[in-house]
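To start, the structure under review is shown below, and the notes come after it.
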Amino acid sequence: MKALPALPRLHAITDELIARRPDLGTVAQRLAAGGREDLAFHARGRALSGLEHVELAGQLGAYAPTRLFVNDRLDVALAVGAAGVQLGHGSLAPEDARRLNAGWWIGKSVHDLREAAAAHAGGADYLLVGPVFPTATHPARAPLGSGRLQEIVAVGLPVVAIGGVTPERIPELMAEAAIHGVAAIRALWHAADPADAARRMLEELNG
């Protein structure tokens, strides 16, 4: 596993609607100002065309010192020189993704202990775990709860928690389990002040 400090603690994930927003660049610039090297942008959008995904990743990769991760589309990640990839259930296995680029941070999205253990065994570097709170993104999926989150953290990989995460809820998460970081869609991209939202989340994570 790579040195833990190299993995950003805050992950700003897009969806199709965010990817197509006319103010995407403005909001991304503000998030980058608040998160800097502790922020990773995730270029994600299952309904995006290949060209749209490349354009999205290229735009999000322009805000150093933030990092660029690409979800699922490993061809896009290779094309734009991403720092990491986030693998879903239909993606390649982590060990196969590593053959494409040994320098990537390789994350795996998981929802329970069984999936977390399989991701660990398969060579993932970190886990994206959720939902940890009720979320409009996946309204039918029940939150994990403290006990199951603790079990997943105990697998031994850095855990990035997602699902209904806000700055106010991070202390509760940190008290429940030793998570490495958090990821968000709405709480960052729809924030009234994106830079402040990113700063507040990192302040809570860093204690």
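The values are calculated or read from the model by the stated rules, or taken from the named source; none is laboratory data. A quick note: this is a predicted structure, and the numbers were derived from the prediction, not measured. Positions of Cβ are generated from backbone atoms using ideal geometry, with glycine treated the same way; all protein chains shown enter the neighbour counts. To get the accessible areas, we keep the full protein, side chains included, count just its heavy atoms, and leave off ligands, DNA and RNA. Shrake-Rupley method; radii C 1.70, N 1.55, O 1.52, S 1.80 Å.
Quick look at the values:
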quantity	calculated
Relative contact order of the stretch 41-85, defined on C-alpha pairs under 8 angstrom at six or more residues apart (%)	40
Interchain or long-range residues, amide H under 5 Å from Arg67's placed H	Leu39, Ala40, Phe41
Additional length obtainable on full extension of the chain from Asp75 to Gln29, 0.36 nm per residue less Cα span	14.1 nm
Over the stretch 7-102, relative contact order from alpha-carbon pairs under 8 Å, at least 6 apart, %	24
Computed lengthening from Glu172 to Arg46, 0.36 nm per intervening residue step minus Cα-Cα distance	42.3 nm
Size of electric dipole in the chain: Cβ of Lys, Arg +1 and of Asp, Glu -1, about Cα centre, debye, nearest 20	140
Over the chain, relative contact order from alpha-carbon pairs under 8 Å, at least 6 apart, %	21
Per residue accessible area in Å² of the chain, where ligands, DNA and RNA are left out and the probe is 1.4 Å	44
Förster-model FRET efficiency, 22 Å R0, Ala62 and Glu203, C-beta, rounded to 0.05	0.30
Percent of Cα-Cα distances greater than 14 Å, calculated over the stretch 129-194	54
Net charge contributed by nearby residues that have their C-beta within less than 15 Å of Glu151 (K/R +1, D/E -1)	-1
Sulfur and carbon atoms: percent of accessible area, the chain [1.4 Å]	53
Distance-filtered residues of the stretch 44-59 - backbone nitrogen under 12 Å, label point 7 angstrom along Arg20 Cα→Cβ	46-49, 52
Full-stretch length increase - Asp193, Glu151 - with 0.36 nm per residue and alpha-carbon distance subtracted	11.7 nm
